[in-house]
Each structure stands twice: as structure tokens, then as C-alpha cells.
């Protein structure tokens, strides 16, 4: 729970967020990214949801899928904190990694036991059924 507290403290202290997940996103990846974006927006935060790939068409029924953008359509993102969801290693974010800046917080939230803890804040819970479940609890 200490890691969740660090996530919430970091969210409270900042206003602009970059949210992403792994390339070729599945339902857990898209849902957790959109759930986090929804939470951040409810707090009045500025949120960019970027991914290497577009939201799969079969998931477009989910709320806020219009926020899910391809990274290749951006040249620069003005953010203070990056949040990577459902991603076991940073290489899996693909082209989104070009936006990450040293010295800015990188929050890693995942349920995979193989996660390599690449974040400055890592919340890894292998017993969780999904990353989306973890975002709900957070």
C-alpha cells in the first residue's frame, strides 16, 4: 500500500499527465489507461493518453476511447508525470518512449509477475487479476 500512497501523492502534486500502455493493446491495457485518465480528469488534471497503436476497434464501445491517441500523431507532449499501465517492460510502449524525460516521475502499475520495475514508482501486484482492477483499487 506504500506504493499506492506514492502514486496518489504524485498525482496530487502534479497537473499534467502522460498515460500509456503496451503496443497492440488488449482489453486490460485499454481499460486501465482509460480508467486512469478518467480518474485524473475527475481531479481536473490535463491528460494525454498515447499509445504506439490505435485503440482496437472492438473496444471502441468503452467510454473515453476518443482520448486514446497514436503517439505518431504528436511531436511533443507537455507533461509532468508519465503513467505506464499493464506493461512488463518499458520497451513494450514502443514509440511513446520518445516522450519520456529523465527526471520526471514514471509510475509503473502492472499485475505481471515478470515486470522489471522500470518506474521511479512501481506498483506491481501479481495476485491481481488485471491492471484495471489495480487502478480501481488505487
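FYI, it's all coordinate maths here, none of it is from the lab. Because the structure is predicted, anything quoted here is derived from the model rather than measured. Using ideal geometry, Cβ is built from the backbone for each residue, glycine included, and neighbour counts are taken over all protein chains shown.
Brief remarks follow.
- Helical contribution to [θ] at 222 nm, DSSP H n ≥ 4, -39,500 (n - 2.57), averaged over the chain, rounded to 500: -8000 deg cm²/dmol
- Percent RCO, i.e. relative contact order, over segment 2-137, from Cα pairs under 8 Å lying at least 6 residues apart: 27 percent
- Structure-derived Rg and Dmax of the Cα atoms in Å: which label, when the choices are (1) 16.5, 54; (2) 18.4, 63; (3) 13.3, 37: (3)
- With the simple spin-label model, which puts each label point 7 Å out from Cα in the Cβ direction, the residue 91 to residue 78 separation comes to 3.5 nm.
- Mean separation of Cα contacts under 8 Å (6+ apart) over length of segment 69-130, as relative contact order %: 31 percent
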